[in-house]
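Notes follow the structure.
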Amino acid sequence: MEIDLLRNYPKTKRNTQARSEEKTPEVRAIARQFGAEFFDGDRQFGYGGFSYNARFWQPVIPDLRAQYGLSAESAVLDVGCAKGFFLYDLEQIIPGITGKGIDISEYAIANAKPEVAANMQVGCATNLPFDDDSFDLVMSVNTVHNLEREECGKALQEIMRVSRGNAFITVDAYRNAEEEARMYEWNLTAKTIMHVDEWKAFFNEVGYTGDYFWFIP
């Protein structure tokens, strides 16, 4: 189902044209290493400093709790967990919940928020190191689109495999020519970007039956 569960995540006005002018093949290559430069280096390579702030995820988690009936007995997986800020806020708002995280970035895991670092590991979305039906909810925000189309499909299948049915993802997408132009101006790391209707067809093709929404700058 298409549902905006990040509606309470703070929005930032983005200068897509300026970003486009900075993006050389070299800059993209550095960003796609998802290392120190991407998270905490110069802004042209990614975040320009990736540090914890409660204002981002804390307003979102009540919507997730309501949508999926999360409680202290629930288990949640964050695919593309970065430094674990979502997992930390999840545990703050729903004490006792089991939160796990996986990320391709060795740098992010090595620099994870200490309170949740023990529940995070390096790994790829195409081969999740968990048993079938392990989680009440699998989250993946702005992550699977960083893979080529075939690998993206595998990641979506893996998300459904380890989930007990509930999943929520966001992916780079567009609904018209103007949004498509802005998307390609802004995009730094995504390798699979499609029209929203193409994404929906792709979900059907690979068997992704979870919820989804779009990142459109």
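The values are calculated or read from the model by the stated rules, or taken from the named source; none is laboratory data. Fair warning: this is a prediction, and the values are worked out from it, not measured in the lab. Counting neighbours? That spans all protein chains shown, and the Cβs are built from the backbone with ideal geometry, glycine included. To get the accessible areas, we keep the full protein, side chains included, count just its heavy atoms, and leave off ligands, DNA and RNA. Shrake-Rupley method; radii C 1.70, N 1.55, O 1.52, S 1.80 Å.
In summary, L64 fulfils each of the numbered conditions (1) surrounded by fewer than 16 Cβ atoms within 10 Å (Cβ to Cβ); (2) more than 19 Å from A110 (Cβ to Cβ) with the single exception of condition (1). Filtering A201, A181 for residues that are surrounded by fewer than 19 Cβ atoms within 10 Å (Cβ to Cβ), at pLDDT below 95 and among the hydrophobic types (A, V, I, L, M, F, W, C) leaves a single hit, A181. Going through (1) closer than 25 Å to E21 by Cβ; (2) out of contact with any strand residue (DSSP E or B) (no Cβ under 8 Å at 6 or more places or on another chain) one by one, N127 falls short only on (1). Exactly one residue out of G153, G165 is open to solvent by less than 10 Å² (accessible area, probe 1.4 Å) and of a type outside the set (A, V, I, L, M, F, W, C), and it is G153. The residue that is farthest from A54 (Cα to Cα), among those in region 1-21 that are modelled with pLDDT under 75 and of a type outside the set (S, T, Y), is E21. Among the residues of region 123-145, is any of a type in the set (D, E, K, R), closer than 27 Å to T209 by Cβ, touching a residue at least 24 places away in the same chain (Cβ under 8 Å) and open to solvent by less than 40 Å² (accessible area, probe 1.4 Å)? No - not one qualifying residue is present in region 123-145.
Only one of the numbered conditions (1) touching a Phe, Trp or Tyr at 6+ places or on another chain (Cβ under 9 Å); (2) assigned to a helix (DSSP H, G or I) is not met by D63, and that is (1). Just a yes or no: is a residue in region 92-105 modelled with pLDDT of 95 or more, in contact with a helix residue (DSSP H, G or I) (Cβ under 8 Å, 6 or more places away or on another chain), assigned to a helix (DSSP H, G or I) and crowded, with 20+ Cβ neighbours inside 10 Å? Checked region 92-105: no residue is modelled with pLDDT of 95 or more, in contact with a helix residue (DSSP H, G or I) (Cβ under 8 Å, 6 or more places away or on another chain), assigned to a helix (DSSP H, G or I) and crowded, with 20+ Cβ neighbours inside 10 Å. A search for C-beta distances below 8 Å between a residue of region 106-121 that is modelled with pLDDT of 95 or more and any residue that is among the aliphatic types (A, V, I, L, M) and surrounded by fewer than 19 Cβ atoms within 10 Å (Cβ to Cβ), counting only pairs 6+ apart in sequence or on different chains, returns E106/V122; Y107/A36; I109/A117; I109/V122.
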